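Here the structure is laid out as structure tokens; the discussion comes afterwards.
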Amino acid sequence: MKTDFLRSRQKLFGLTLTAVAIIVVITGLISRRSQAEQLKQSTGERNIPTVSLLSASNISAAQLELPARIEPWARAPIYARVSGYLKNWTVDIGSKVKAGQLLAQIETPDLDQQLLQAKAELATAQSNLALSSSTAQRWQALLSSDAVSKQEVDEKTGDLTARQSVVKALQANVDRVQSLQAYTRLVAPFDGVVTARNTDIGALINVGGAPGSELFVISDVRRLRVYVSVPQRQLAVIRSGSVAQVSVPERPGRSYAAKVESLAQAISPGSGTMLIQLSVNNESGELLPGGFATVSFAAASSVENVSVPPGALMIGKNGVQVATVNSDNRVVLKQVTVARDMGNVIELAAGIDRKDRIVESPPDGLANGDLVRIAASSQNHQNTQKGTP
């Protein structure tokens, strides 16, 4: 009986150990599965990027400022029409001149001899013409008495006509040389200022009109032309007859009213801009032709655009985009149009609304539909804006 009790007790102890072992194994498996699920959940949560949000800011339409160049209203390079040597010049750079005023004189010994030769040839032709004229008259008188034939009279008349043509040709040659002699005096074509003098007394003068060979340059600076290239996007601001403000670096704080005279009416394919011409009064002479300037056009309207920080832009093969977050915290990429880059902010002309939640600095690889986690600072900021405590 005692033996049966011991066996029963041993059997119970074995069952107890087996049960404990089974419980330990089951507990271990459950714990491992729980840890695996926690690890998987933790890994998934770490894969969800945390982003900060911002709202688009309003930005008022500002003046359009563009670089420009100033040119004289009229500019005339004075070239030599005859060859020779410069005899003298009467004006220097910076001198104000009137239309027809003498600038310089050219000595033309070759041209003088050509004129003498042309006059001598003309005199000879005129003598021959006089002789031929009297001969033709005499033969015409002899024809009435049948002393000469009609053929001979026609020959004398034809010779007279030919000699008359020679005289006209030689007279034209004399007139041509005399006209060339008028170009020995260089005169101002209009009222203006001498902006260049590229010759001196005794210099050899050659006929030509190649750039850089001009002897003088006369510029009308009482009124100036201002040329500015306006980007295609801003052309709606420009109207013919509208007024802009011109400023130059050498006169800080000063601006000059300029009127839009004409538009090129064509976009340059190389720069994507249109050339605009303005005119500005320069009676005071404060503006200098050939200089650089800044032209300011007034804003086209009072409509406010939106702006975002430069870091909010995503630039890639799809163009310029902004990442926004919807109510489900899913990413929505929106195509935007940049109006102006103002350095610390980017003005957008189209693409987003003021109510959009914009990702401040989108991480690399962010795509449409990605789930994101909103940073606590951004969430608190949005709640504050909505008025929640």
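Every number in this text was worked out from the coordinates using simple rules, so none of it is lab data. Everything quoted here is computed from the prediction, not taken from an experiment. FYI the Cβ positions are ideal-geometry reconstructions off the backbone, even for glycines, and counts take in every protein chain you see.
Could you give the length gained on full extension between ASN58 and ALA298, defined as 0.36 nm per residue of separation minus the Cα-Cα distance, in nm? Show your work: numbers first, answer last.
Values: separation 240, 0.36 × 240 = 86.40 nm, distance 1.88 nm.
Extra length available between ASN58 and ALA298 comes to 84.5 nm.
Were the residues from LEU275 through ASN344 laid out at 0.36 nm apart, the gain over their Cα-Cα distance would be 21.9 nm.
Computed from the C-beta positions of SER83 and GLU283, the FRET efficiency with R₀ = 35 Å rounds to 0.30.
A Cα-only calculation for segment 109-183 places Rg and Dmax at 16.9, 56 Å.
Inter-label distance, GLN126 to ILE374: 10.7 nm, where each label sits 7 Å from its Cα along the C-beta direction.
For a modelled paramagnetic label at ARG185, 7 Å from Cα along Cα-to-Cβ, the residues of segment 73-114 in reach, with backbone nitrogen under 16 Å, are 81-82, 87-91, 98-108. Scanning residues 5 or more positions from VAL320 or on other chains, those with amide H under 5 Å from its amide H are VAL336, with H placed 1.01 Å from N in the peptide plane.
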